[in-house]
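Q: After the structure tokens below, expect a handful of questions from me.
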Amino acid sequence: MALGLIFFFSLCFTLCFAGNVSYDSRSLIINGERKLLISAAIHYPRSVPAMWPELVKTAKEGGVDVIETYVFWNVHQPTSPSEYHFDGRFDLVKFINIVQEAGMYLILRIGPFVAAEWNFGGIPVWLHYVNGTVFRTDNYNFKYYMEEFTTYIVKLMKKEKLFASQGGPIILSQVENEYGYYEGAYGEGGKRYAAWAAQMAVSQNTGVPWIMCQQFDAPPSVINTCNSFYCDQFKPIFPDKPKIWTENWPGWFQTFGAPNPHRPAEDVAFSVARFFQKGGSVQNYYMYHGGTNFGRTAGGPFITTSYDYEAPIDEYGLPRLPKWGHLKELHKAIKLCEHVLLNSKPVNLSLGPSQEADVYADASGGCVAFLANIDDKNDKTVDFQNVSYKLPAWSVSILPDCKNVVYNTAKVTSQTALVEMVPDNLQQKDGSKALKWEVFVEKAGIWGEPDFMKNGFVDHINTTKDTTDYLWYTTSIVVGENEEFLKEGRHPVLLIESMGHALHAFVNQELQGSASGNGSHSPFKFKNPISLKAGKNEIALLSMTVGLPNAGSFYEWVGAGLTSVRIEGFNNGTVDLSHFNWIYKIGLQGEKLGIYKPEGVNSVSWVATSEPPKKQPLTWYKVVLDPPAGNEPVGLDMLHMGKGLAWLNGEEIGRYWPRKSSVHEKCVTECDYRGKFMPDKCFTGCGQPTQRWYHVPRSWFKPSGNLLVIFEEKGGDPEKITFSRRKMSSICALIAEDYPSADRKSLQEAGSKNSNSKASVHLGCPQNAVISAVKFASFGTPTGKCGSYSEGECHDPNSISVVEKACLNKTECTIELTEENFNKGLCPDFTRRLAVEAVCS
């Protein structure tokens, strides 16, 4: 019997995916059935295989139908066109199989150019050095290697039977990416290339449609799609194509030294509801889980190691509340409308100067309405079908039966949460907190034999070819004893100009200062007094890249490194060192010897110490330790370090740089969701390090004996490094009586009448936890937000006891705002609310 059931479910699962994917002007049609699809971007290299099943599960629980990912060319062919890598977190087939096992579809954006704030836009650096190559235009070399890689990926997918036409989950593929922004810069070659890319893709015969996003002259053989914060007004080029939104940005990326752009959940929901209100059929969140730019995979330059993106699932894999929950409720509401939306045409009704309704009615009598208030300041009351509806500013109400509001984008009914990074001191295997650090110090300048010498400067990227972030520029200058600055105790001034990205300046092995560009302007100038002595002085300048450019016209030609070095303050004026004889060394000695790997750690002589040196530049630190307690996600707290790289057991944690963000006039404690969002609309985290914690996946830890290696460029305090566990410290909800509460069950029970469901608070703890305490509860007019609620003018004193009775020692609970639970006679002239904060343990 058990074997029979297994065979049945296996056969059923295969048949669910087997079949044809086509489309018309309204939607994708899968196995003959129209589909309205919610998609979630999760990039396989930005997490680890141990996380993939839970990420996909959390997306599915959030109401998602489809997982979307790019294919990252430069992780699969990092060093040459003759080698392919698909191991570890680059195992694309394993990732897609996990999606299929979850019963979900997949959108495969092969590109192979991806942008994505990923190093070099996903294109291998070696391709830039194939003579005569120009990226993303009608160039023989580029097209040859692009087609070769695309064909390899398509053949791999076919071999594994992963296209929907073979019974797999892949329902759409993408070629190129946002080329419409840049095509004009390439002239006629750009037009020919775009047409060729579409033709090349379609000729692969995958059995599924191909898309091109932001491609304004896409041919009819592909579907052109939209990328933006809002795509409700987007129209495909050709009338037989469905309306697809490939990138809805629920947040934004960060750069080192910049504050965090914050997009409220209410505005994300508004954009999605408007898209489906206006005939959309496929909507993809970019990102739904942003993840981590492990190692040196971040682009930009200056993109942070964290690619959290303020996505519905955070960098560590936890649902971001309330965003994840608010969108989950939206997806439920949209799915209630799916059949009617896909089988009828809308009628648009004006409800006011900035208010409108789109009404869908099918032949069976089904009716769906979206009521929108696009006024970004004022709430409005509108009349629709002889009933009054209150619409908050910048919001959409969804009525699956044209009567009952099941969802309003501005009214967050799902719980929120406070998430903390709880320090967990680094410990040895025996539990001792006195760690046994070992240290290796790099020489400032040339280690080993020089790589080459040259009069003047070389381009940093062309020299390193991105095999390392680091390039030493070294020279020397002889100072005569008669220089006045020596006699007077003054300091000459070192003046450096660089195309980017960052620099540490050493004179006679001593650090003199540092400088860098930023995410909006890579070039920078360095100006700092330096200490020179009579006689020969060694000048060693460590130039650094912080990720390669990832987008833009001809971006592969953007350089980095020094362009001018001068010293002012000599008796004869300023000395220009720019045309001196410079000696060059690529990378660091520790990098070359692989001392961050378990197999290479003994390649140098480490110095053991119980008190590792502080504020010492060019220093490698290593320590062997136990994993943090518990099973929560882990971050490495680098607040007290300077800048550098980190590894655990040879795995690349990535670049760290707790650079403080700028203070901006648009820095806020709370962002107004009303009105169109742009990345500079409102910032959080101003004056704080852009990134303090660095994700270390749990699967990288061994039960004991874990090797943590840090390379610190400019100096920090390694004794203050800690692991922190990411924990949900409180769960909260704030619900008003007029918040939507109807669902599928209540609508079915109501029939032709209005639903009489009551607003309610829903609380739930993470897995294996229960509600252990109620910190705050107030029915009446409470104010504040999660973590800082306070009672208002009126308060029901029984609030705490009601919530405790319903919730204590339970994994989840529901409290309805009914007369049975609360005193409805309180403050009758106000809209009453229930605010709750509870603790899970």
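Q: Given a 1.4 Å probe and every protein chain left where it sits, what share in percent of the accessible area of segment 291-404 is carbon and sulfur?
A: Values: 1990 of 3930 Å².
It is 51 percent, rounded to a whole number.
Q: On the protein heavy atoms, probe 1.4 angstrom, tell me the percent of accessible surface of segment 780-841 carried by carbon and sulfur.
A: Numbers: 1500 of 3370 Å².
The nonpolar share, carbon plus sulfur, comes to 44 percent.
Q: Quick one: net charge around Tyr673, please, counting Lys, Arg +1 and Asp, Glu -1 for every other residue with C-beta under 14 Å from its C-beta. Intermediate values should be presented prior to the final figure.
A: Working: positive: Arg263, Arg274, Lys323, Lys377, Lys411, Arg674, Lys676, Lys681, Lys785; negative: Glu266, Asp267, Glu310, Asp375, Asp376, Asp379, Glu670, Asp672.
Here the count lands on +1.
Q: Suppose accessible area is computed on protein heavy atoms with a 1.4 Å probe; arrange Tyr193, Tyr145, Tyr181 from highest to lowest. Spell out each step's value before the answer.
A: Numbers: Tyr193 0, Tyr145 45, Tyr181 110 Å².
Solvent-accessible surface, decreasing: Tyr181, Tyr145, Tyr193.
Q: Over the chain, what relative contact order in percent results from Cα pairs under 8 Å that are six or more residues apart?
A: Values: 2073 pairs, mean separation 99.8, N = 841.
Dividing the mean separation by the residue count of the chain yields 12 percent.
Q: Enumerate the amide H contacts of Asn293 below 5 Å, restricted to partners 5 or more residues apart or on another chain; note that Pro and chain-start residues carry no placed amide H.
A: Ser306, Tyr307
Q: Quick check: with the 1.4 Å probe, what order do Phe275, Phe452 take by accessible area, largest first? Provide the component values of the computation, followed by the final result.
A: Details: Phe275 0, Phe452 65 Å².
Most to least solvent-accessible, the answer reads Phe452, Phe275.
Q: Return, ordered by residue number, the residues of segment 439-467 whose backbone nitrogen is under 14 Å from a label point located 7 Å along Cα→Cβ of Asn581.
A: What the label zone holds, given the 14 Å backbone N cut-off, is 450, 452-456.
Q: Another question, then. Could you compute how much accessible surface Cys667 exposes when probed at 1.4 Å, giving the result in Å² to the nearest 10?
A: Its accessible surface works out to 40 Å², give or take rounding.
Q: Another question about this same structure. Percent relative contact order of segment 516-585, based on C-alpha pairs within less than 8 angstrom and at least six residues apart? Kindly include the intermediate steps, with their values, before the conclusion.
A: Values: 32 pairs, mean separation 11.2, N = 70.
Computed value for segment 516-585: 16 percent relative contact order.
Q: Additional query: On a 1.4 Å probe surface of the protein chains, which of Trp606, Trp245, Trp557 comes out largest in accessible area, and what is the full order?
A: On the way: Trp606 35, Trp245 0, Trp557 145 Å².
Ranking Trp606, Trp245, Trp557 by accessible area, largest first, yields Trp557, Trp606, Trp245.
Q: How large is the translational diffusion coefficient of the chain in µm² per second when you combine the Kirkwood radius over alpha carbon pairs with Stokes-Einstein at 10 °C and 1.306 mPa s? Mind showing how you got there, number by number?
A: Working: Rh = 29.4 Å.
Roughly 54 µm²/s, to the nearest whole number.
Q: A further question follows. Just list whichever of Lys411/Lys785; Lys436/Lys597; Lys436/Lys615; Lys597/Lys660; Lys585/Lys622; Lys533/Lys614 have alpha carbons separated by over 20 Å in the model shown. If you can, show how the numbers build up before the last one.
A: Working: Lys411/Lys785 14 Å; Lys436/Lys597 18 Å; Lys436/Lys615 18 Å; Lys597/Lys660 30 Å; Lys585/Lys622 24 Å; Lys533/Lys614 26 Å.
Over 20 Å apart, Cα to Cα: Lys597/Lys660; Lys585/Lys622; Lys533/Lys614.
Q: What whole-number value in Å² describes the accessible area per residue of segment 100-227 for a 1.4 Å probe? Numbers along the way, then the final one.
A: Numbers: 4030 Å² over 128 residues.
For segment 100-227, the per-residue accessible area is 32 Å².
Q: Taking only Cα atoms, what is the 0 to 90° angle, nearest 10, from helix 92-101's long axis to the longest principal axis of the chain?
A: Result, in degrees: 20.
Q: Counting helices only, and only those DSSP H runs with n ≥ 4, report the 222 nm mean residue ellipticity of the chain as the sum of -39,500 (n - 2.57) divided by its residues, in deg cm²/dmol to the nearest 500.
A: Details: 14 runs with 144 residues, N = 841.
Calculated at 222 nm, the ellipticity per residue is -5000 deg cm²/dmol.
Q: Please give the helix 2-17 orientation as an angle from the longest Cα principal axis of the chain, in degrees from 0 to 90, rounded to the nearest 10.
A: Long axis of 2-17 versus the principal axis of the chain: about 80 degrees.
Q: Return one number: the angle in degrees, 0 to 90 and rounded to the nearest 10, between the long axis of the Cα atoms of helix 265-277 and the longest principal axis of the Cα atoms of the chain.
A: 60 degrees
Q: May I pose another question? With every protein chain left in place and a probe of 1.4 Å, what is the accessible surface of Glu420, to the nearest 10 Å²?
A: Number for this one is 90 Å².
Q: Also, I was wondering about something else. Using alpha carbons only, how many angstrom separate the centre of segment 168-193 from the centre of segment 804-833?
A: Taking the Cα centre of each part, segment 168-193 and segment 804-833 sit 54 Å apart.
Q: Ignoring any ligand, DNA or RNA, what whole percent of the accessible area of segment 447-567 comes from carbon and sulfur when the probe is 1.4 angstrom? Walk me through the intermediate numbers first.
A: Values: 2460 of 5000 Å².
Carbon and sulfur together cover 49 percent of it.
Q: As an exercise, use a Förster radius of 56 Å and the Cβ-Cβ distance of Asn20 and Ser801 to find the FRET efficiency, rounded to the nearest 0.05. Don't jump to the answer; show the numbers that get you there.
A: Working: r = 59 Å, r/R0 = 1.05.
For R0 = 56 Å, the calculated efficiency reads 0.45.
Q: Related question: Just to confirm a number: summing +1 for Lys and Arg and -1 for Asp and Glu over residues other than Asn821 whose beta-carbon lies under 13 angstrom from that of Asn821, what do you get? Working shown, then result.
A: Values: positive: Lys758, Lys805, Lys824, Arg832; negative: Glu737, Asp796, Glu804, Glu816, Glu819, Glu820.
My count for the surroundings of Asn821 gives -2.
Q: Given a cut-off of under 8 Å on Cα pairs at least six residues apart, what relative contact order in percent is computed for segment 135-293?
A: On the way: 232 pairs, mean separation 27.4, N = 159.
Value for segment 135-293: 17 percent.
Q: What net charge do the residues around Lys615 carry, taking every other residue with its C-beta under 14 Å from that of Lys615, with Lys and Arg at +1 and Asp and Glu at -1?
A: Cβ neighbours under 14 Å give a net charge of -2.
Q: Can you give me the accessible area per residue for segment 410-500, using a 1.4 Å probe, in Å²? Can you show the working numbers first?
A: Working: 4380 Å² over 91 residues.
Per residue, segment 410-500 has 48 Å² of solvent-accessible surface.
Q: Only Lys, Arg, Asp and Glu count, each charged at its Cβ (+1, +1, -1, -1), so figure out the dipole size of the chain about its Cα centre, rounded to 20 debye.
A: Values: 81 positive and 89 negative charges, 121 e Å.
Dipole of the chain, to the nearest 20 debye: 580 debye.
The values are calculated or read from the model by the stated rules, or taken from the named source; none is laboratory data. Everything quoted here is computed from the prediction, not taken from an experiment. Neighbour counts run over all protein chains shown; Cβ positions are idealised from the backbone, glycine included. In case anyone asks, the SASA skips ligands and DNA or RNA and just uses the protein heavy atoms, side chains included. Shrake-Rupley method; radii C 1.70, N 1.55, O 1.52, S 1.80 Å.
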